[in-house]
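Working notes, structure below.
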Amino acid sequence: MSPTSADQAKQWLRRVISFGGEQVRAAPAPVERLVRQAFHALPDGSEAKRRVRRILTGHSARRETTSAFGGYLSLADAGSTYSKAEQATYLQLELGHLKRSLYDQPLPPWPATGFEDQDAAAAPGRVEEYLGRVSQAYGAPEASTARVRHLVIVNQYPREGDEYGNGFVHRRVKYYLEAGIEVHVAVVAPDVEPESTVYDGVPVLVGRGAEVRELLQRIGYTSASSHFLNAFIWEQVRDSLAGIRWFTFMHGFESRRWVRTIRNYRSPEPLSNGIKDTLIRQRFWREVLAHPNGPERFVFVSRWWRRGSQDDMELVYPAQRTAVVHNVTDTQLFTYHPKDAEQRYKILWVRSAANLNYAPDLAVKALQALRETRYWPQLSIRIIGDGMHFQGFEDAFAEDGNVQVERRFASQDEIARLHRDYGVFLVPSRWDSQGVSRDEAMASGLVPVTNAVCAIPEFVDGSSAVIAGPEDVAGMVRGMIRLFEHPELFQRMSEAAAQRVARQSGPEQTVRREMVLMGLTPGDVGPGDATEGEDGS
C-alpha cells in the first residue's frame, strides 16, 4: 500500500469508526478494499476493530443479498442507531398502520377493456351458440329442473396448441362429466377474443365477462367454482353470484406474496411491481372474504397452503369456510408398473424452466455432481422442458452422450409413456403448494428426488422419496447414489411412492370429495373438514 493510499484508507477508516456503514457504501470500490486492508492492521481485540468488523460484515451481507436476489435488504438500512428489537418493532408497526389505511380504501375498478357495450350486446348470441355446443357434446338437456349443472370459472383453459393452460382444471372437469354432471366452463380474462370452442370434448365459453354473466342469469346452476380468481374475474361476476353456492380453489399463485418467489426478480422494476401486486391482492381477498356474495368455501390444495395464504394475505379465512382438497392425480393415466432394478439408473426431468421456483438450476447442479461419480457412465438421463432457465441444461450437457436434452413441451399422454421407461424423477423445488407433476410421476412408480420445502413434506416421506433440505444439492446426490447402490431399496420406494399417491391424491380422495363438497354428488362434508394427509397434522 502506497503512503498516499494508506493515508486515504486511514481517513475512510476513521469515518467508518465515527459514522458507521454508510461511509463504506459511499466509498468507491478501490477505497473500500483499502479500508479492509487497514482494518486488518488494527489491534486485535480493540473496540475499533470490533466496530469495524460489525460494519464490514453487515455491509458484505447487504451487498451479497441485494446483488443475488435483487430485493433483500440489511436491517442496517433501517438505521444504524436502533437495536434489532427496535428495528423489527417499528418496521412491523409502521407497515401495519400504513396497510390498515390502505385497506380502508376500496379496490379501484379494473380499467375498461373498451369492449363493454359490444360484449353486452353480443353476449346473448354467444351464450346461445355455446349452449348449442353443450347440447351437441352432452346431449339435449333434460326437462327436469333437478338436473345437476356446475359452472367452472377460470382465467385460462387448455386449447389445441396450448395444452398447458390449467390442465389440472380440465382433468377435474372430465371427472365431473364421468359422474353425470353437466359442466359448463367459462374463461374470463380482459385480453381474450370472445369465442365458443371445444377442447377434448368439453365446450368452453371464452369472454371478457358479459358472457359469464349471461350464463349465470340464464342457467340455474347447482353450484359454481373458480380457479385462480383475480380482481378482474371478481368484478365481472360478483353481482351475479347472489344465491349461488360458489367455491373458489386456492392453488397458490392467486394469493401468494412477492417474497415467496424473490429469486425470479432480476431488476428493480419487476420487484416493485411484485410488491404492488401483493398489496392489491391483500386488499382484493379482504373484499372477497367480506362480500355477501363471497365463496361458501375457500378450497386449498394443501394444509400448508391454507396457512401460507393466510400469512401472505395477512388475514384469516374462517375455519367453517375452508376445506383442503388436493389436486387430483389421474391414476388411470399415470398407472403403476413394477420397476426393473436397472431403471434406477434412468433419470427423468420434465418440467417448466420458466422460473426458479421449480429449481431447474438445482437440477443442473445435481446432475453435474453425478457426473463426477463413478456411476455417471451407467446413467441415462432425459431432460424435456422449456423456459428462460432451460439453457442451463443445454449448456451443461451438450457434450454428454448419455444426457438427452429436448427444448419442448410434452403432452400428458407422452409423459405417462415416459414414466414407464424411467425410474427416478428429478424434481427439485423451492416453492410448491402441492406438486402435481411429482405426484403423477410417483403414481407411475418413479422415485422422486426433491426438497423438503413448502407443502412438499405433506405429500412425500423418506419411504417414498429422496428428500433433501432446501437448496441441498449434495443431499439429493447422496440420495440418488443410495438408490444406485441398493436396487432393492429403489424397488421398494418405487412401490411405496405409487401407493402413497393412490391413497392420498387419487380420484376418490380428491375430485370425488370436492363433488360432495359442492353438492354435485350425495355425501356429507362437515364444516372446515379437510382431506386427511399422510403426516396426520
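The values are calculated or read from the model by the stated rules, or taken from the named source; none is laboratory data. This structure is a prediction, so every number in the text was calculated from the model and none was measured. Because the Cβ atoms are built from the backbone with ideal geometry, glycine has one as well, and the counts that use them run over all protein chains shown.
Going through (1) under 30 Å from K174 (Cα atoms); (2) part of a loop (DSSP other than H, G, I, E, B); (3) of a type outside the set (S, T, Y); (4) at pLDDT 90 or above one by one, R147 falls short only on (4). For the range 242-260, a residue qualifies if it is under 15 Å from L289 (Cα atoms) and surrounded by fewer than 20 Cβ atoms within 10 Å (Cβ to Cβ), and the qualifying residues are A242, R245.
Can you work out which of the residues in the range 361-399 that are assigned to a helix (DSSP H, G or I) and in contact (Cβ under 8 Å) with a residue 60 or more places away in the chain is surrounded by the fewest Cβ atoms within 10 Å (Cβ to Cβ)? Among residues in the range 361-399 that are assigned to a helix (DSSP H, G or I) and in contact (Cβ under 8 Å) with a residue 60 or more places away in the chain, the one surrounded by the fewest Cβ atoms within 10 Å (Cβ to Cβ) is Q378. Would you be able to tell me the number of residues in the range 410-432 that are among the hydroxyl-bearing types (S, T, Y) and farther than 12 Å from R382 by Cβ? Residues that pass the stated criteria total 2. With respect to the numbered conditions (1) modelled with pLDDT of 95 or more; (2) within 21 Å of H251 (Cα to Cα), which one is the sole condition not fulfilled by E495? Exception for E495: condition (2).
Yes/no matrix, rows are residues, columns are (1) at pLDDT 95 or above; (2) out of contact with any helix residue (DSSP H, G or I) (no Cβ under 6 Å at 6 or more places or on another chain); (3) surrounded by fewer than 17 Cβ atoms within 10 Å (Cβ to Cβ):
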{"position": "P428", "(1), (2), (3)": "yes, no, no"}
{"position": "D432", "(1), (2), (3)": "yes, no, no"}
{"position": "R438", "(1), (2), (3)": "yes, yes, no"}
{"position": "E458", "(1), (2), (3)": "yes, no, no"}
{"position": "S463", "(1), (2), (3)": "yes, no, yes"}
{"position": "M480", "(1), (2), (3)": "yes, yes, no"}
{"position": "F490", "(1), (2), (3)": "yes, no, no"}
{"position": "A502", "(1), (2), (3)": "yes, yes, no"}
{"position": "L517", "(1), (2), (3)": "yes, yes, no"}
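Report yes if some residue within the range 364-373 is in contact with a Gly (Cβ under 7 Å, 6 or more places away or on another chain), modelled with pLDDT under 95 and assigned by TED's automatic domain parsing to the domain that holds R417; otherwise report no. No, the conditions are met nowhere in the range 364-373.
Entry remark, the range 315-334: residues being among the polar types (S, T, N, Q), surrounded by fewer than 15 Cβ atoms within 10 Å (Cβ to Cβ) and part of a loop (DSSP other than H, G, I, E, B) number 1 in total. P270 falls short on exactly one of the conditions (1) assigned to a loop (DSSP other than H, G, I, E, B); (2) at pLDDT below 95, and that condition is (1).
Would you confirm whether or not the range 203-220 contains a residue that is polar (S, T, N, Q), over 21 Å from S309 (Cβ atoms) and surrounded by fewer than 18 Cβ atoms within 10 Å (Cβ to Cβ)? Among the residues of the range 203-220, at least one is polar (S, T, N, Q), over 21 Å from S309 (Cβ atoms) and surrounded by fewer than 18 Cβ atoms within 10 Å (Cβ to Cβ), which makes the answer yes. For the range 182-232, the set of residues classified as in a helix (DSSP H, G or I) and either more than 21 Å from G125 (Cβ to Cβ) or not charged (D, E, K, R) (or both) consists of A210, V212, L215, L216, Q217, A231, F232, listed by residue number.
Looking only at residues in the range 400-426 that are farther than 24 Å from Q499 by Cα and aliphatic (A, V, I, L, M), the one that is surrounded by the fewest Cβ atoms within 10 Å (Cβ to Cβ) is A410.
Is it true that some residue in the range 298-315 is free of Cβ contacts under 8 Å to residues at least 40 places away in the same chain, over 30 Å from A502 (Cα atoms) and touching a helix residue (DSSP H, G or I) at 6+ places or on another chain (Cβ under 9 Å)? Checked against the condition, which is being free of Cβ contacts under 8 Å to residues at least 40 places away in the same chain, over 30 Å from A502 (Cα atoms) and touching a helix residue (DSSP H, G or I) at 6+ places or on another chain (Cβ under 9 Å), the range 298-315 yields at least one hit.
No other residue among A416, A468, A455 is among the small types (G, A, S) and over 19 Å from V328 (Cα atoms) apart from A468. Please enumerate the residues belonging to the range 74-112 that are in contact (Cβ under 8 Å) with a residue 24 or more places away in the chain, part of a helix (DSSP H, G or I) and not aromatic (F, W, Y). Of everything in the range 74-112, those that are in contact (Cβ under 8 Å) with a residue 24 or more places away in the chain, part of a helix (DSSP H, G or I) and not aromatic (F, W, Y) turn out to be A76, K99, L102. Screening the candidates A474, A416, A441 for the property of being more than 23 Å from D361 (Cβ to Cβ) and part of a helix (DSSP H, G or I) yields one hit, A416. For M493, state whether it is within 17 Å of Q343 (Cα to Cα) and under 20 Å from the mean Cα position of the chain (by Cα). So M493 fails the test. For V202, the conditions (1) within 27 Å of the chain's Cα centre (by Cα); (2) more than 18 Å from L520 (Cβ to Cβ) are fulfilled apart from (2).
Please find, within the range 150-181, the residue that is surrounded by the most Cβ atoms within 10 Å (Cβ to Cβ) out of those that are modelled with pLDDT of 95 or more and assigned to a strand (DSSP E or B). Once the filter is applied, the top-ranked residue is I153.
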